[in-house]
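Beneath this line is the structure, given in C-alpha cells, with notes to follow.
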Amino acid sequence: MVSRVIPVDTFDLVIFGGTGDLARRKIFPGLYRRFLAGQMPEGSRIIGAARADLTEAAFRATVREAIDEFVPEARKDAAVIDAFIGRIGYVSIDAKGTGGWPDLRAMMRENVVRAFYFSVAPVLFGDIAERLHEHGIADAWSRIVVEKPFGRDLASARALNETLAKHFTEAQIYRIDHYLGKETVQNLMAVRFANILFEPLWKAEYIDHVQITVAETVGVEGRGAYYDKSGAMRDMVQNHLMQLLCLIAMEPPYHFDPDAVRDEKLKVIRALDAVKPEDIVRGQYLAGGGQEGYVAHSENPASKTESYIALKVHISNWRWKGTPFYLRTGKRLRARASEIAITFKEPPHSIFDDAEGWRENVLVIRLQPNEGMNLMMMIKEPGPGGMRLMQVPLDMAFADALGADAEDIPDAYERLIMDVIRGNQTLFMRGDEVEAAWAWADPIIQGWEERGMKPQGYDPGSSGPEDALMLMHKDGRRWREIRE
Ligand code: NAD
C-alpha cells in the first residue's frame, strides 16, 4: 500500500558536497532506501563531487559508512548495499576553480536525466551554476537542486535567483524545503482538498486561531558561528514555518500541479500583514542543567541572535480576516515536537445546560514525532447520570494505520530527490515565493535591529520565554503544551 514505486527515468545525480554532513546523514541513506525499494532504474548513477582528493574506492567507503550509521538495521541488506555502492562514482572538484570540471564533463552521458544537487555552502551556489554552464555539463534538460538557506534577506535571495537564472530556467531549479517532503505535510493537502468535510469550515468564521510549533531539544552547538548570523527567524520561520502556514491558508488550487499550487501559496505570503512589534517575542536559551547557554555556543557573549521566536501573524484576505496564526519555533525546548493545531470556534449556541467539560474542536497535524492527525471532538461521557461532555481524540496516527508499512514511508529527502528526477516541482519553492517570504520577513528583522531589541532569556528544557506565554494570554488563548 505504501511502498508503491512510481518509476522514474534513468538518471545521473551529481551531489556537490558529497562528503558533507547533509549528504552523509540524509542524501545517501535516502538514496539507498529508494534503491532498496526498486526505484533506481538500471544504469542510474550517483556521483559525489567535493573538494577532497579521494579515489572512487575511498569515497564509496564513506558512503558505506553513512549507510551503516544512518539506515535502520531492518533495512540493511548486504547484497543490496553492495549493488548500491556499485552505482557510486566520485570526482574531486573545486567549485571556485577549474580543477575537476573536465573530469565531470567526461563522466556525463547522453539521454539520461542529469540532476545536480548543490549540497554545499550557499556562497558556492552561484559558482557551481556558472561552471556547470561554462564546461557544458548542464544541458537543457538538467535540473539543479538548491539547499537552504536561500539568501539571508530579499536582496541576497534576489541576487541568487538572478545568478541561477543566467544559466537555468525556473523549470530547472528545485529549491528544497524538506518540510514539504514530509508525509503529514502532503497529507494536509489531501485532508483539505480530497474531503468535503473540512473545507466549508476552513475560514475565519469557524476557525478561532491556528498554532504552528516547531520545537527542538538541541541547541546550536557545533554550528554556532553560522547560526549566530541567522537566528530562528531566518533559519526556520521565513522558510519552513512559512511553507506550513501557506499550505493551511491557501485557496484550493485548480489542480495539483506545480504552478497552480505555488501560485496559491504565493498569494498567501503576499496577503500577510506587517507584524506589530508587540506581536513578536524573541528568546535565547540560558545555561542550565549542566549545559552551556546560547552565548557560549555562539562565541559572542553579547549576541542578540534569537534561538526562539514567537509571532502573531494576520492574513489580510477574505478567508482569514480576524483569525490569527501564532507561530513559534525554538531550540533547547522541553521536547522535540512539531505540529500544526487548528482550533475551531465554539458552537453558536449550547443546548446542554450542563456544558461542563466543554472544549473546542482542535485538528492537530503532527509532523514529528509520530506523524499523524488528531481531531479533538466532544462526545457524551459514557455512563448514567445525565449529560456530561468529554473531549476525545479521533486519532489518525499513520504508524497505526499503516502497520509494518509505516517503516516504508519515505523520508522527506528521498521523496523530494525522486520528485526532481521525475521533474515534478510541486513540493519545491518557486523563486517568487522565496522572495515574497523575505519581503515579509525583512522589515520584521530590521525593526528589531533598529530598536536594539534583545532576546529574552529562557531556561533550557522549558516552553520558551515568559513573554511568549503572554502573547497568547493577552488574547485569552494559550499555547498547546510542547510534548512528544
Ligand atoms: P558541510 O560543511 O558538512 O559540507 C560541505 C561540503 O561542501 C563538503 O563536501 C565539502 O567538500 C564541499 N565543499 C566545500 N568547499 C568546496 C569547494 N570549494 N568546492 C567543492 N566542494 C566544496 O555542509 P552540510 O552540512 O552538508 O551542508 C550543505 C548544505 O546543505 C548547506 O547549504 C547547508 O546550509 C544545507 N543544509 C544542511 C543541513 C544539515 O543537516 N547538515 C540541513 C539543511 C540544509
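Annotations for the structure displayed:
- Region 11-147: relative contact order as a whole-number percent, Cα under 8 Å and 6+ apart: 32 percent
- Per residue, the convex hull spanned by the alpha carbons of region 107-175 comes to 82 Å³.
- Accessible surface of the chain, 1.4 Å probe, proportion on carbon and sulfur as whole %: 53 percent
- Of Lys321/Lys454; Lys76/Lys229; Lys148/Lys304, those spanning more than 28 Å from alpha-carbon to alpha-carbon: Lys321/Lys454; Lys76/Lys229
- Amide hydrogen neighbours beyond the local backbone of Tyr285, cut-off 5 Å, H modeled: Tyr294, Ser307, Tyr458
- Acute angle (nearest 10 degrees) that the helix 154-167 long axis makes with the longest principal axis of the chain, alpha-carbon atoms: 40 degrees
- Label-point separation in nm, His349 to Asp77, each point 7 Å along Cα→Cβ: 6.3 nm
- Cα point-scatterer Debye curve for region 117-227, base-10 log of I(q)/I(0) at q = 0.14, 0.18, 0.21 Å⁻¹: -0.83, -1.01, -1.13
- Using the Cβ-Cβ distance between Asp9 and Ala140 with R0 set to 22 Å, the FRET efficiency from 1/(1 + (r/R0)^6) comes to roughly 0.90.
- On Cα atoms only, tilt of 125-134 relative to the major axis of the chain in degrees: 40 degrees
- On Cα atoms only, tilt of 258-270 relative to the major axis of the chain in degrees: 50 degrees
- Mean ellipticity per residue at 222 nm, deg cm²/dmol - from DSSP H runs of n ≥ 4 across the chain, formula -39500 (n - 2.57): -9000 deg cm²/dmol
- Note on region 11-147: Rg/Rh from Cα positions, Kirkwood definition for Rh, rounded to two decimals, is 0.95.
- Long-range amide H partners of Ile47 with built H, under 5 Å: Leu13, Val14, Ile15, Gly89
- Ordered by solvent-accessible area of protein heavy atoms (1.4 Å probe), largest first, the residues Val392, Val237 come out as Val392, Val237.
- Of Lys26/Lys182; Lys267/Lys474; Lys331/Lys474, those spanning more than 19 Å from alpha-carbon to alpha-carbon: Lys267/Lys474; Lys331/Lys474
- For Lys96, the aspartates and glutamates whose Cα falls under 14 Å of its own Cα, not counting residues fewer than eight places away in the same chain, are Asp127, Glu130, Glu134.
- Residues in region 438-454 carry Karplus couplings, in order, of 5, 4, 6, 6, 3, x, 5, 5, 4, x, 6, 5, 5, 7, x, 5, 9 Hz; the curve used is 6.51 cos²θ - 1.76 cosθ + 1.60 with θ = phi - 60°, and Gly or Pro positions show x.
- Computed from phi, the 3J(HN,Hα) profile of region 176-190 under the Karplus parametrisation 6.51, -1.76, 1.60 (θ = phi - 60°) reads 8, 9, 5, 4, 6, x, 6, 3, 5, 5, 6, 5, 4, 5, 5 Hz, with x in place of Gly and Pro.
- Accessible area of the chain divided out per residue, in Å², using a probe of 1.4 angstrom: 44 Å²
- Bridge type composition, region 180-474 - antiparallel percent by DSSP, nearest 5: 80 percent
- Amide H contacts under 5 Å for Gln368: Ser338, restricted to partners 5 or more places along the chain or on a different chain, H placed in the peptide plane at 1.01 Å from N.
- Cα centroid separation, region 93-165 to region 276-340: 33 Å.
- Dividing the mean sequence gap of close Cα pairs (under 8 Å, 6+ apart) by how many residues the chain holds gives a relative contact order of 18 percent.
- Global size of region 288-403 as Cα Rg and Dmax, reported in angstrom: 20.4, 64
- The slack between Thr426 and Ser316, meaning 0.36 nm per residue of separation minus the straight C-alpha distance, is 37.1 nm.
- Across all Cα atoms of the chain, the radius of gyration (one decimal) and Dmax (whole number) stand at 23.8, 82 Å.
The values are calculated or read from the model by the stated rules, or taken from the named source; none is laboratory data. Computed from a predicted model, the values in this text were never measured in an experiment. Cβ: placed from backbone, ideal geometry, glycine included. Neighbour counts: every protein chain shown. To get the accessible areas, we keep the full protein, side chains included, count just its heavy atoms, and leave off ligands, DNA and RNA. Shrake-Rupley method; radii C 1.70, N 1.55, O 1.52, S 1.80 Å.
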